[in-house]
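Chemist: First the structure, which I've put down as structure tokens, then a few questions once you've had a look.
Please treat every number below as a calculation from the coordinates, not as lab data. This is a predicted model, so every value here is computed, not measured. Because the Cβ atoms are built from the backbone with ideal geometry, glycine has one as well, and the counts that use them run over all protein chains shown.
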Amino acid sequence: MVKKVFLCGIAGTGMSALAGLFKQQGYEVYGSDNRFYPPVDRLLADLNVTLFQGFSAKNIPSNVDFCVIGNVISRGNPEAEHILDHGLEYFSMAEALQRFFIKGKRSIVVAGSHGKTTTATFIAHLLTVAGLRPGFFIGGKPVNFAASHQLAAGDFFISEGDEYESAFFDRSAKFFKYRPDLLLITALEHDHIDFYRTAESYLQSFKNLVNQVPGRGRIIVNGDYEMARQAVSRSFTPVIFYGRAGADYEINDVRPQRGGYDFGLASGGRRHNFHSPLAGPYNVWNLTAGIILAHELGLPQATLAKALATFAGVERRLSPLGRLQNTVFIEDFAHHPTAIAQVLGGLRDAYPGRRIVVLFEPRSWSLRRNIFQGRLTEGLARADEIVIKDVYEKEKIPAAERLDVDAIRSELEAKGKKVHVFADYEGIKRFVSDLDFSLKQVVILLSNGDVGDFTAWVRTLCEIKRN
């Protein structure tokens, strides 16, 4: 008898990936949501999942085996109320992932504020190249794989460890469910301020995660971040630090080369040289975490070299959109001032001598507010010309808490920058259409929201004007 599972709030990145895992395992999958945006709509269509637009108790099959409730669902949702009233078995997404797909495997969890998607994806690629047939669950689309999820045919399962809350009935972080045997902590600084109001509460969550790792395991940590060092300061598990001077694995001689970076790693009196084809110097740190894991697992040097040479990264991470004459179009998911500064700095290395024009949309919970306002101005100042789309759904944010776009414009103009503010993407399209494409410049879109219509427009623009 084929088992049936119902996913309430199926259109999220994680929930749609979970649907894919259940389909791979032979389940009959049903799900509902209010809206289905690209690329999730295409993913779910390809999976042949039974979908319902909108929420209704009638959507749930009468003979469903269990339900998964996404963290976008609140009490009062008719499906959630039906599940509770009728005593149906239910799980959060993270709990279902652990129970049905991670359990029984060696759990590798990658956590942190920045870099965890790329790091987790590289590890999945590395173990695949090594022939270990890992399973994985990643919050972005890996270029080297057909999907962001895969059943484990071997002993390992890699999870991108999300520190955000699990569900309305479980306010703890998702990553607590994944029970890591091997934990990697990337760049760590206060984030998700809607859930973690203080830096102390954010740090404590990671300390609690560290306490889950068994003594026989390993914790690999980016030691360049003070908060990351604090998170493991009382670890009962062996800790390996990577980073600049003084780390167990010292990163040095990072140099732009062949569109990526050459870099050295010194450890235990030995030095190894590596090359990554990925743009952005911060990716050297992301890949180093995977290199250390390869050493800990005893993988051959030739396997590691092949994995590095063939790793293509993650979609929406310095991803090319097109080219017109001398103008290159790029997009990136950057949604934190640190990530924005790093991405724009990386573009200087990747495209030396070119003007950088940034199209920025404040869309995340934190960026729509004035919490990071000063740091955001500093990051955007790394570009030559800045286009800002007005705050996403700004009417929902009290004026006293809202990001002050006019103040950012004034501060950037005082630094000698050209700044433009538009209410919507239609204004930005007009701006882009009027650019002089003969100039040597890079135009980069920074947003963590659904920008499919705009990126499709850019690709079409490049095709039309090229022909």
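Chemist: Given Cβ point charges of +1 (Lys, Arg) and -1 (Asp, Glu) and nothing else, what value in debye, to the nearest 20, does the dipole of region 4-88 about its Cα centre take? It would help to have the intermediate numbers written out before the result.
Modeler: Numbers: 6 positive and 8 negative charges, 22 e Å.
Dipole about the Cα centre, nearest 20: 100 debye.
Chemist: For region 353-467, calculate the relative contact order in percent as a whole number, restricting contacts to Cα pairs under 8 Å that are 6 or more residues apart. Provide the component values of the computation, followed by the final result.
Modeler: Working: 142 pairs, mean separation 41.8, N = 115.
This gives 36 percent for region 353-467.
Chemist: Where both partners of a DSSP beta bridge lie in region 319-466, what percent of those bridges are antiparallel, to the nearest 5? Present the calculation step by step, with values, prior to reporting the outcome.
Modeler: Working: 6 of 27 bridges.
Restricted to region 319-466, the bridges split so that about 20 percent are antiparallel.
Chemist: Moving on. Is region 142-274 rounded, prolate or oblate when judged by the Cα gyration tensor, a ≥ b ≥ c being the square roots of its eigenvalues, rounded requiring a/c under 1.5 and prolate requiring a/b larger than b/c?
Modeler: The shape class here is prolate.
Chemist: What would the Debye equation give as log₁₀ I(q)/I(0) for the chain at q = 0.06, 0.08, 0.11, 0.12 Å⁻¹, counting only Cα atoms as equal point scatterers?
Modeler: -0.27, -0.49, -0.96, -1.14
Chemist: If packing is taken as the average count of other Cβ atoms within 10 Å, what order do 173-183, 148-158, 293-303 fall into, highest mean first?
Modeler: Packing order, densest peptide first, comes out as 173-183, 148-158, 293-303.
Chemist: In whole Hz, what ³J(HN,Hα) sequence does region 140-151 give by Karplus (6.51, -1.76, 1.60; θ = phi - 60°), x for Gly and Pro?
Modeler: Rounded to whole hertz, the list is x, 9, x, 5, 7, 10, 6, 8, 8, 9, 6, 5.
Chemist: Using θ = phi - 60° and the Karplus form 6.51 cos²θ - 1.76 cosθ + 1.60, what ³J(HN,Hα) does each residue of region 357-366 get, whole Hz, x for Gly and Pro?
Modeler: Listing the rounded values in order: 10, 9, 9, 10, 10, x, 10, 6, 4, 6 Hz.
Chemist: Assign one of three labels to region 184-241, namely rounded, prolate or oblate, based on the Cα gyration tensor with a ≥ b ≥ c the square roots of its eigenvalues; rounded applies when a/c is under 1.5, prolate when it is not and a/b is larger than b/c, and oblate otherwise.
Modeler: Values: a/c = 2.53, a/b = 1.66, b/c = 1.53.
Here region 184-241 falls in the prolate category.
Chemist: Counting each DSSP H run of 4 or more residues in the chain as -39500 (n - 2.57), what helix-only mean residue ellipticity at 222 nm follows after dividing by all residues, to the nearest 500 deg cm²/dmol?
Modeler: Taking each H run of at least 4 residues, the total per residue is -9500 deg cm²/dmol.
Chemist: Along the Cα→Cβ direction, 7 angstrom out, place labels at Val2 and Ser172. What is the inter-label distance in nm?
Modeler: Label at Val2, label at Ser172, 3.5 nm between them.
Chemist: Oh, and also: Please name whichever of Ala111, Leu461, Gln257 sits farthest to the positive end of the charge dipole of the chain, dipole taken about the Cα centre and charges placed at Cβ: Lys and Arg +1, Asp and Glu -1.
Modeler: So the residue we want is Gln257.
Chemist: Evaluate the relative contact order of the chain (contact order divided by residue number), counting alpha-carbon pairs under 8 angstrom at least 6 apart; express in whole percent.
Modeler: 11
Chemist: Still on this structure: Could you tell me what percent of the DSSP beta bridges with both partners in region 130-234 are antiparallel, to the nearest 5?
Modeler: If we restrict to bridges inside region 130-234, about 35 percent are antiparallel.
Chemist: Where both residues lie in the chain, what percent of DSSP beta bridges are antiparallel, nearest 5?
Modeler: Looking only at bridges with both residues in the chain, the antiparallel portion is about 30 percent.
Chemist: Using Cα pairs under 8 angstrom and six or more residues apart, how large is the relative contact order of region 97-310, in percent?
Modeler: 18
Chemist: Report P(r) for region 319-466: all Cα-Cα distances, bin width 10 Å, range 0 to the bin holding the largest distance, values in whole percent.
Modeler: Pairs per bin, as whole percents: 11, 45, 35, 8, 0.
Chemist: If you don't mind, there's one more thing I want to ask. With a/c under 1.5 counting as rounded, go ahead and sort region 234-275 into rounded, prolate or oblate using the C-alpha gyration tensor (a ≥ b ≥ c being the square roots of the eigenvalues; past the cut-off, prolate if a/b is larger than b/c, else oblate).
Modeler: prolate
Chemist: I need the helices of the chain that pass two filters: whole DSSP H segments spanning 15 Å or more by Cα along the axis, and mean Kyte-Doolittle score no lower than 1.0.
Modeler: Counting only whole DSSP H runs, no helix qualifies.
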